[in-house]
1. Just for region 132-161: of the residues that are in a helix (DSSP H, G or I) and of a type in the set (Lys, Arg), which one is surrounded by the fewest Cβ atoms within 10 Å (Cβ to Cβ)?
2. Only one of Asp87, Asp62, Asp70 is free of Cβ contacts under 8 Å to residues at least 24 places away in the same chain and acidic (Asp, Glu). Can you tell me which?
3. Out of all the residues in region 11-66, which are closer than 22 Å to Thr121 by Cβ and assigned to a loop (DSSP other than H, G, I, E, B)?
4. Which condition number in (1) over 21 Å from Val112 (Cα atoms); (2) in contact (Cβ under 8 Å) with a residue 12 or more places away in the chain; (3) of a type outside the set (Lys, Arg) is the one that Thr50 fails?
5. Tell me, which residue of region 27-41 that is in contact (Cβ under 8 Å) with a residue 60 or more places away in the chain and touching a Leu at 6+ places or on another chain (Cβ under 9 Å) is nearest to Glu105 (Cα to Cα)?
6. Sort out which residues of region 107-135 are among the aliphatic types (A, V, I, L, M) and touching a residue at least 60 places away in the same chain (Cβ under 8 Å), and write them in order of number.
Amino acid sequence: MTDHHETRRTLRSDAERNRDRIVSAARAAFRELGADAPMKAIATRAGVGTATLYRRFPTRGDLLAYVFADRLTGCEDSVHACLTNPDPWRGLVDHITHLVRLQLEDRAFTAVFLYEFPPDTPVHHSRREAQSRLGQLLDAAKAAGDLREDVDEKDIMVLLKANDGVLRWATDPEEESRRLVERFLRALHT
């Protein structure tokens, strides 16, 4: 994967403009078409050739990591903040609400959230840290007697996958997502 901070410092101004156009086009394409948006379509939207796109972002994973880095680190920040909530159940609900809101805002979020980035990348580390803290949040809610003992991180991933399906097929995505999450949480609450 490319080192984004190093790249920023060393790009010529025209290369930087190309990178910014690619990122903007990719963000829009991923939002509309999902994480599998064609790279050629992204290059076309950006007004650059595919060779330019691949020179800046050699793999789809590189582009996804760059475009979604802030959202993935935002997930880590969210779960960390929710751990400080004196009511662990409320903290868990707040974190799940944050994740669901990200899904609602961007069709590609779930795929990127579940994407296996290479282990030596900052987004991989950030996601692993968020997953570890989610486990702590679940344990705190269990210890407080608010969460069923058999619930683990995999159950939250199942919720996100189910919600992704709801968002793709719903006639009223926001309402149907809210209903799914509300019922799911009710089933986990003790």
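FYI, it's all coordinate maths here, none of it is from the lab. None of the values given here were measured: they were computed from a predicted structure. Neighbour counts are summed over all protein chains in view; Cβ atoms, including those assigned to glycine, are modelled from backbone coordinates with ideal geometry.
1. First pass over region 132-161, keeping only residues in a helix (DSSP H, G or I): 132-143, 153-161.
Within this subset, residues satisfying the condition of being of a type in the set (Lys, Arg) are 133, 142, 154, 161.
Numbers: Arg133: 20, Lys142: 19, Lys154: 8, Lys161: 12.
Taking the candidates together, the pick is Lys154.
2. On the way: Asp87 fails: free of Cβ contacts under 8 Å to residues at least 24 places away in the same chain; Asp62 fails: free of Cβ contacts under 8 Å to residues at least 24 places away in the same chain.
Testing whether each residue is free of Cβ contacts under 8 Å to residues at least 24 places away in the same chain and acidic (Asp, Glu) leaves just Asp70.
3. Leu11, Gly34, Ala35, Asp36, Ala37, Phe57, Pro58, Thr59
4. Going through the list (1) over 21 Å from Val112 (Cα atoms); (2) in contact (Cβ under 8 Å) with a residue 12 or more places away in the chain; (3) of a type outside the set (Lys, Arg), Thr50 breaks only (2).
5. Taking region 27-41 first, the residues in contact (Cβ under 8 Å) with a residue 60 or more places away in the chain are 30-37.
Retained after the next criterion (residues that are touching a Leu at 6+ places or on another chain (Cβ under 9 Å)): 30, 35.
Values: Phe30: 11, Ala35: 13 Å.
Result: Phe30.
6. Here is the first cut: in region 107-135, the residues among the aliphatic types (A, V, I, L, M) are 108, 111-112, 114, 123, 130, 134.
If the condition is that a residue be among the aliphatic types (A, V, I, L, M) and touching a residue at least 60 places away in the same chain (Cβ under 8 Å), then Ala108, Ala111, Val112 are the ones that fit.
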